[in-house]
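Peer 1: Right, I'll just put the structure down here and ask away after.
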Amino acid sequence: MKNVAIAITAATLLTGCGASMPSMEYSDFHSFMATPKPAEQVGYWTHNNSTFYLQPSGEGVQCWAAGSVKITRIKMSDTHLINEFGYKVDAPKWDGQQFYTDYALSDRITYYRDADLSRASLYCKENLPKFVK
């Protein structure tokens, strides 16, 4: 059981977009319904080693380079964000200018608009645009 808790915590930290713990319920990426997003939320957003691109549909792609490098599809509703591996976490909040999330064990994490990917890791800057439709 301890290994499960460690794995869930690690997965949450690696997704870069979430609350303190992912949902323990089964999360089916393909049936999860994204919520359309307003124009001011569409585009690239970066925090340290995590960058995501959000489309008007509420779907997108995320890249993170923390321990291991991954690019995954994501979907965001008004309440949750899920990646294609089934990790489902609370959706980042929107303050009118940027996304943020408050982790239980750390300070606020803010995702800044990053249209030119100048804040993104080198890997994400080079590779994430290949997956943006």
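The values are calculated or read from the model by the stated rules, or taken from the named source; none is laboratory data. Predicted model only: the values in this text are computed from it and were never measured. Quick reminder, even Gly has a Cβ in these numbers, built from the backbone with ideal geometry, and neighbours come from all protein chains shown. With ligands, DNA and RNA removed, areas are computed over all heavy atoms of the protein, side chains included. Shrake-Rupley method; radii C 1.70, N 1.55, O 1.52, S 1.80 Å.
Peer 1: Given R₀ = 30 Å, what would the calculated FRET efficiency be for Asp107 paired with Glu40, taking r from the Cβ atoms and rounding to 0.05?
Peer 2: The computed FRET efficiency comes out at 0.75.
Peer 1: How much accessible area per residue does the range 63-120 have, counting only protein heavy atoms and a probe of 1.4 Å, in square angstrom?
Peer 2: That works out to 53 Å² for each residue.
Peer 1: Here's something else I'd like to know. Lys133: which lysines have alpha carbons under 19 Å from its alpha carbon, excluding same-chain residues fewer than 8 sequence positions away?
Peer 2: Lys37, Lys70, Lys75, Lys125
Peer 1: Excluding Asp102 itself, what net charge comes from residues whose Cβ is under 13 Å from its Cβ, given Lys and Arg +1 and Asp and Glu -1?
Peer 2: That sum, taken over residues with Cβ under 13 Å, equals -1.
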